[in-house]
Amino acid sequence: MSQVSHRIFLSVVSLSLFAAPAPARTTAITSMTATTLGQTLQLAQADVVETVLYFETESMVVRVYRRSSTLLMNLYNKSTDIVEVRGAPTQLVPNTSDQMVYRVEQGEAERLARINIQGDTELEIIAADGTLVLKEPGFNALVGVAPGPSDFLGNNFAPGTAALVLSAEAARLRMDPRLGSEIIGRAPRGAVVEVMARVGNPADGFIWYQATYQGVTGWIRGDLLQPT
């Protein structure tokens, strides 16, 4: 198994089993649209603790997250601009060792969000009569980062706290938690930012923190921050 594959799978497994997350942050942005990742990560309510799995498909945006010890799922339809599933109780399905499967049974359909050890994601929706409604591969995957040592690059600390900017120059606040994303603000070295969320990006290998500085909320690389 490659290092990236190992990192993805262990991160998802750890978050799925971890039952004592960091204190909830009540100042998270609650607006929701599918135009940018920075916004769609806010599909859940303001007291969400940590994202466990996030990805997009051609027509949907999926977020599995943990509040206290409970797994929940949001499902946003890009075409209709409607949140079809919001805060639905989610089960981690016993499965083979090469993938994680999160299941929601709500209304007359079953939703299955999958990620395998290669980082490939998929959303499947099955009607109550067994009819396949939708099956789409995912992209732009993000995974949760468990407390403690991590294969992701950057300092690993729980959100819901203040952090000090370590960057030699100003740290860039990006629209999305990935290298190359649009820069929407900067925080100078020594500045203190408020950290609201944490994810790992398998594509670039970094921990990313959603942080606010002087009224601007964006994503900062984990190696540029340390908790105060």
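The values are calculated or read from the model by the stated rules, or taken from the named source; none is laboratory data. Small disclaimer: the values here were computed from a predicted structure and weren't measured. For neighbour counting, all protein chains shown are included, and Cβ atoms are generated from backbone atoms with ideal geometry for every residue, glycine included.
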Against the condition on the phi > 0 side of the Ramachandran plot and modelled with pLDDT of 95 or more, how does Gly154 come out, does it pass? yes
Out of Ala211, Ala197, I need the residue that is under 22 Å from Val52 (Cβ atoms), within 18 Å of the chain's Cα centre (by Cα) and at pLDDT below 95. Which one? Ala197
Residues of region 115-143 satisfying the condition of being assigned to a loop (DSSP other than H, G, I, E, B) and more than 23 Å from Val199 (Cα to Cα): Ala128, Asp129, Gly130, Thr131
Any idea which of (1) of a type outside the set (Asp, Glu); (2) surrounded by fewer than 21 Cβ atoms within 10 Å (Cβ to Cβ); (3) in contact with a Leu (Cβ under 7 Å, 6 or more places away or on another chain); (4) more than 21 Å from Val199 (Cα to Cα) is the one Gly87 doesn't satisfy? (4)
Condition check: under 17 Å from Gly148 (Cα atoms), among the small types (Gly, Ala, Ser) and buried (at least 21 other Cβ atoms within 10 Å of the Cβ). Does Gly160 satisfy that? no
How many residues of region 163-189 are buried (at least 21 other Cβ atoms within 10 Å of the Cβ), in contact (Cβ under 8 Å) with a residue 60 or more places away in the chain and either of a type in the set (A, V, I, L, M) or in contact with a Lys or Arg (Cβ under 8 Å, 6 or more places away or on another chain) (or both)? The answer is 2
From the list Val143, Val192, Val133, exactly one residue is of a type in the set (A, V, I, L, M), crowded, with 22+ Cβ neighbours inside 10 Å and touching a strand residue (DSSP E or B) at 6+ places or on another chain (Cβ under 6 Å). Which is it? Val143
Looking at this structure, is Asp223 surrounded by fewer than 21 Cβ atoms within 10 Å (Cβ to Cβ), in contact (Cβ under 8 Å) with a residue 12 or more places away in the chain and in a loop (DSSP other than H, G, I, E, B)? no
